[in-house]
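The values are calculated or read from the model by the stated rules, or taken from the named source; none is laboratory data. Since the structure is predicted, the reported quantities are computational estimates derived from the model, not experimental observations. Neighbour counts are summed over all protein chains in view; Cβ atoms, including those assigned to glycine, are modelled from backbone coordinates with ideal geometry. What goes into the accessible areas is simple: the full protein's heavy atoms, side chains included, and nothing from ligands, DNA or RNA. Shrake-Rupley method; radii C 1.70, N 1.55, O 1.52, S 1.80 Å.
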Amino acid sequence: MPGLVIVGAQWGDEGKGKVVDLIAEHADAVIRFQGGNNAGHTIVRGDETYKFHLIPSGILYKGKLCVVGNGVVLDPRVLNEEIDGLRKRGTDLSGLRISANAHLIMPYHLLLDHAGEARLGKREIGTTKRGIGPCYADKAARLGIRVQDLLDEKILKQKITAALEPKRQTLREFAKDPRLDLHTMTEDYLAFGHRLEPYIADTPPIAWRALDDGRLVVFEGAQGTLLDIDHGTYPFVTSSNPVAGAACVGAGVGPNAIDDAWGVSKAYCTRVGAGPFPTELHDETGARIQGAGGEFGTTTGRPRRCGWLDLVALRYAVRVNGLTGVVITKLDVLTGIDPLRAATRYTGPEGASFDDFPYHQSVLHRARGALVELPGWEDDITGARRLVDLPPAAQGYLSFVEEQLGVPIVMVSVGPGRDQIIWTDAAERVRSAPA
Ligand code: GDP
């Protein structure tokens with residue numbers, strides 16, 4: 001059981017943090033393979049709550065190898081703050097490794113992100129304005145600055161100069177901004193590099209070695225399938241590939257390194273920012289789910305749009321990720337809502353019906369979930385630890401999801417706490433992995 005990819009199966013914020021945290025206990029290494037500090041995980045450990053933006057949450061296990069892979073774009077200021085915060089709380093960081101090939105978010109990326117969204121006005125994408133999109137754009141344009149460049153002043157200065165050159169026009173309004181001063185920027189980034197140096201490494205061999213030894217390596221995705229720049233609801237997407245296939249590229253392993261791909265989905269649906277959302281609720285039920293689920297962004301605090309579980313979109317996620325297991329989180333949030341609903345297909349204008357996720361943007365924007373009703377439950381389920389502990393209606397809800405997706409449910413989360421989890425028999429391969 002060596003390689004397991006964990007991805008978001010919806011629009012992100014599925015509760016992957018807790019899931020990866022639980023699986024990390026059984027793993028030799030955890031590798032983040034894409035995204036930046038636009039992702040946020042909240043981990044509850046006893047009385048302590050940790051918020052992670054870049055470092056895999058597996059770091060909470062003493063000495064666990066936690067890799068920020070080459071596919072990640074990282075803001076060294078944010079990473080250093082995260083390291084400082086963890087150190088202050090006494091976390092052992094000896095397992096942290098940062099890919100020398102990961103790209104750096106620079107001050108001008110932040111400014112470009114703000115300027116870009118401002119220019120779009122009402123049509124804004126709803127980015128987190130952390131400079132992630134402009135950083136990936138520079139990577140593709142071969143103007144990116146990588147972690148390894150932090151260790152050489154001359155190269156760093158040259159690369160910053162080259163990267164700024166084609167942006168002069170767009171950045172004109174910030175011409176006098178001290179953040180864009182070449183000298184200051186170089187000094188700041190050299191200082192960041194100096195502090196990160198002990199963690200900078202050639203990271204793919206870490207995965208190769210662990211895989212060769214038959215140990216469990218977890219590839220951790222950020223955001224979710226429907227935010228994928230290729231397979232999501234473009235242009236309302238993130239600027240990287242959160243799908244399982246990207247684990248290979250963003251960590252430096254081949255497809256044969258991946259044995260399983262698990263998709264994490266809430267028992268309902270949420271979305272942050274703009275873009276189509278066929279099962280969105282604009283009523284009291286939506287507000288209730290938002291309140292009960294605490295649906296506000298970890299990184300930005302933005303309220304999340306809420307809706308019924310979208311099985312059309314989930315079936316699509318099963319296919320594009322090649323999911324071998326599904327994790328359902330936040331089932332407890334649905335307690336007390338009766339009846340429950342879920343979309344098994346979409347309806348479009350003029351009576352059109354879609355069993356499959358529509359590829360065309362205009363169709364998707366007008367698609368609405370065709371809902372089926374399922375019985376709800378009243379009993380508190382936060383103490384359930386086995387499927388049989390759940391009320392029959394909750395078991396029925398899960399069976400319905402499993403049947404619709406054709407993939408086994410491997411875990412069910414029934415509360416924010418670490419112990420509030422049900423592992424099903426289908427998860428046994430992972431749980432029994434030698435760590
Ligand atoms: P992530 O980025 O996918 O990990 O998602 P977030 O960290 O944004 O959201 C997870 C939030 O939901 C955190 O506050 C968790 O403590 C909480 N959470 C995770 N699983 C459950 C669950 O099963 N039930 C409830 N009520 N809260 C949960």
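Inside segment 352-427, counting only strands (runs of 3 or more DSSP E) that do not spill past its ends, which hold 2 or more residues that are open to solvent by 50 Å² or more (accessible area, probe 1.4 Å) and among the charged types (D, E, K, R)? Reasoning before the result, please.
Working: elements: 368-374, 409-413, 421-423.
Filter on segment 352-427 gives 368-374.
Please count how many residues of segment 139-158 are closer than 16 Å to I105 by Cα and part of a loop (DSSP other than H, G, I, E, B).
5
In the list T128, T184, T161, which residue meets the criterion of being open to solvent by 30 Å² or more (accessible area, probe 1.4 Å) and not in a helix (DSSP H, G or I)?
Details: T184 fails: not in a helix (DSSP H, G or I); T161 fails: not in a helix (DSSP H, G or I).
The conditions single out T128.
Can you tell me which residues in segment 291-310 are more than 12 Å from the ligand (Cβ to nearest atom) and either open to solvent by 40 Å² or more (accessible area, probe 1.4 Å) or touching a Leu at 6+ places or on another chain (Cβ under 7 Å) (or both)?
We begin by selecting, within segment 291-310, every residue more than 12 Å from the ligand (Cβ to nearest atom); these are 303, 305-310.
The answer is P303, R305, C306, G307, W308.
Would you mind stating whether L331 is surrounded by 16 or more Cβ atoms within 10 Å (Cβ to Cβ) and within 16 Å of the ligand (Cβ to nearest atom)?
Numbers: surrounded by 16 or more Cβ atoms within 10 Å (Cβ to Cβ): yes; within 16 Å of the ligand (Cβ to nearest atom): yes.
Criteria met by L331.
Can you tell me which residues in segment 270-305 are in contact with a Gly (Cβ under 6 Å, 6 or more places away or on another chain), over 19 Å from V372 (Cα atoms) and either not β-branched (V, I, T) or not in a loop (DSSP other than H, G, I, E, B) (or both)?
Listed by number, the residues that qualify are G273, A274.
For segment 1-120, list the strands (runs of 3 or more DSSP E) that sit wholly inside it and hold at least 1 residues that are modelled with pLDDT under 95; which are they? Give the derivation first.
Numbers: elements: 3-8, 29-32, 41-45, 48-52, 65-68, 96-99.
Output list reads 41-45, 48-52.
Looking at segment 334-351, which of its residues are touching a residue at least 12 places away in the same chain (Cβ under 8 Å) and either open to solvent by 50 Å² or more (accessible area, probe 1.4 Å) or more than 26 Å from P408 (Cβ to Cβ) (or both)?
As a first pass, look at segment 334-351 and keep what is touching a residue at least 12 places away in the same chain (Cβ under 8 Å): 334-349.
G336, D338, R341, R345, T347, G348, P349, listed by residue number.
Name the single residue, out of those in segment 219-266 being polar (S, T, N, Q), out of contact with any Leu (no Cβ under 8 Å at 6 or more places or on another chain) and within 15 Å of A39 (Cα to Cα), that is most open to solvent (accessible area, probe 1.4 Å). Outline the logic, then answer.
Narrowing segment 219-266 to residues polar (S, T, N, Q): 223, 225, 233, 238-241, 256, 265.
Still in the list and also out of contact with any Leu (no Cβ under 8 Å at 6 or more places or on another chain): 223, 225, 239-241, 256.
If we keep only those that are within 15 Å of A39 (Cα to Cα) as well, we get 223, 225, 239-241.
Working: Q223: 21, T225: 0, S239: 33, S240: 8, N241: 50 Å².
The selected residue is N241.
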